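These notes concern the structure reproduced below.
Every read-out reported here was derived from the displayed coordinates using simple, explicitly stated rules and does not represent laboratory data. In this text the structure is predicted, and so the values were computed from the model without any measurement. No Cβ is skipped: glycine too gets one built from the backbone with ideal geometry, and neighbour counts run over all protein chains shown.
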Amino acid sequence: MKKVLFVTSEAHPLIKTGGLADVAGSLPKALAELSQDIRVIIPNYQAITTQDAHYRCTVRVDNRDVNILETQLPESNVPVWLVDCSELYSTPGNPYLDENGEPWENIAERFAVFCRIAVEVAMNRTELDWKADIVHCNDWQSGLVPALLSLEEERPKTVFTIHNLAYQGLFPPATYHALNLPGQLWNPSGLEFHEMLSFIKGGLTYSDRITTVSPTYALEIQTPEFGYGLEGLLSHRQDILSGIINGIDMDDWNPKTDPNLPQGYDASSLDKKLINKTELQKQVGLPVDAEIPVFGLVSRLVQQKSIDLLIEIIPEIITMPIQIIMLGSGDSNLERELNNFARLYPDKISVTIGYNEKLAHLIEAGIDVFLMPSRFEPCGLNQMYSQRYGTIPIVRHTGGLADTVVDAMPETLADNTASGIVFSDAEAGSLQEALKRCLILFKDKKTWSKLQKAGMKKDFSWKNSAKQYLDLYESM
Ligand code: ADP
């Protein structure tokens, strides 16, 4: 049995902005089911509302007293340690942005203190009386942990998982000094990146193993197109770099038992999916129409997700008999452009700006086609949720999308592996072609239901992937 400290800036259902939260909420549970002693550590943001957190101890780092509270991941025995420091975390906003959607001015300090506490816990220098064998860090917010641990004697082994290399935690050199970080880490083969402080380099340089969330993304980040200048470092460390595809929470995302749906269904009762389509159309104010193909999207509205490509083709595709239902938030220009389309085509396009877990589930169940044309996608979750819900994903051939969706081609249709539409170029024309290809398939009811069933049959559970993480821990 390994003692694993899982360091993360978000974990569903305590706090979530994206896919990392889903992973942090479900991978530790899957590892606990494999009999591992895993503990999650996360900042105690104001937005976390747990009823049952209780005080465990106080730890002093960098002239500051920080409390550690304990709760559990819901429906599990996995302990969660909440790093409680009201002057840093008791402020309204999300983990990265303040109330006005601006990055926290003190974001470096917020996560530096969090990292220092994680190090104290991992080294068993707190009253928690628990020493980690493995510290599993995730994304830049935890990047200082492997760096600081590298200075310790008899330290635990470290794993760093890249959920998205586009976010690196880069700060001016003055921040380095303000954070009182040890001088010996400040050099180009340490935390320095083009004269900036790079949190993520702490993970990439000092960890014993690096993973990312799909095999394809593990290769892509070693190239200039996806590496953001870190491709050299990553290919230099390729021997310890691997890709492990994320699983999904098969209970949260189960169309048969999903409490967010008016009607549950499975592969043997696919006709009932229609009841969800009707309810969704009503809820978002589009004409109720069983036959019309409904496209949907649930996403952060950012460049990565190729929302701009969709915006480019909407004027043309909207002349076809289709509906589009979108839910997301992010870039205010993209939000505005999508809202304009919704005003222009009120009986064809619905846009909901915001974050809405319940609506996200109903969209997955109620639409026919999920759009995920991302420029890059380390793993992506919605394409897996879609397949589980009998919704056909249209995805670009990149990262985890390439690893989890099988394009509908004559041979894949023949051997029943086809489960979606995959296109190659991040260009409006290619996306439009993919949509047209999808509409042709939609008309052929027999083939369509074959695609749906192939997707619904797939095992996207954490079982296989958790086993791969465990093998990795055991190999260290
Ligand atoms: P990323 O981590 O890049 O945002 P993923 O596909 O890996 O993308 O994970 C996104 C997760 O966040 C999914 O669970 C998705 O359903 C959810 N999500 C994104 N935007 C919204 C939203 N506006 N409302 C509800 N859920 C959302």
- request: Just the number, please: percent antiparallel of the DSSP beta bridges in the chain, rounded to the nearest 5.
  value: 30
Sorted by Cβ density within 10 Å, fewest first, the residues 102, 433: 102, 433
field: Least to most buried among 216, 161 (fewest other Cβ within 10 Å first)
entry: 216, 161
statement: Over the chain, the sum of -39500 (n - 2.57) across DSSP H runs of at least four, divided by residue number and rounded to 500 deg cm²/dmol, gives at 222 nm -10500 deg cm²/dmol
field: Stretchable slack from residue 443 to residue 235, in nm (0.36 nm times residue separation minus alpha-carbon distance)
entry: 70.3 nm
message: Given R₀ = 22 Å, what would the calculated FRET efficiency be for residue 254 paired with residue 417, taking r from the Cβ atoms and rounding to 0.05?
response: 0.45
- line: The simple spin-label model distance between residue 266 and residue 167, using points 7 Å out along Cα→Cβ, in nm, is 3.6
query: Rounded to the nearest 20 Debye, what is the dipole magnitude of the range 267-456 about its Cα centre when Lys and Arg each give +1 and Asp and Glu each give -1 at the C-beta?
result: 520
Residue among 439, 333, 379 farthest towards the positive dipole end of the range 267-456, charges placed on Cβ: 439
message: Can you compute the charge dipole magnitude of the chain about its Cα centre, using +1 on each Lys and Arg Cβ and -1 on each Asp and Glu Cβ, nothing else charged? Give it in debye, rounded to the nearest 20.
response: 1000
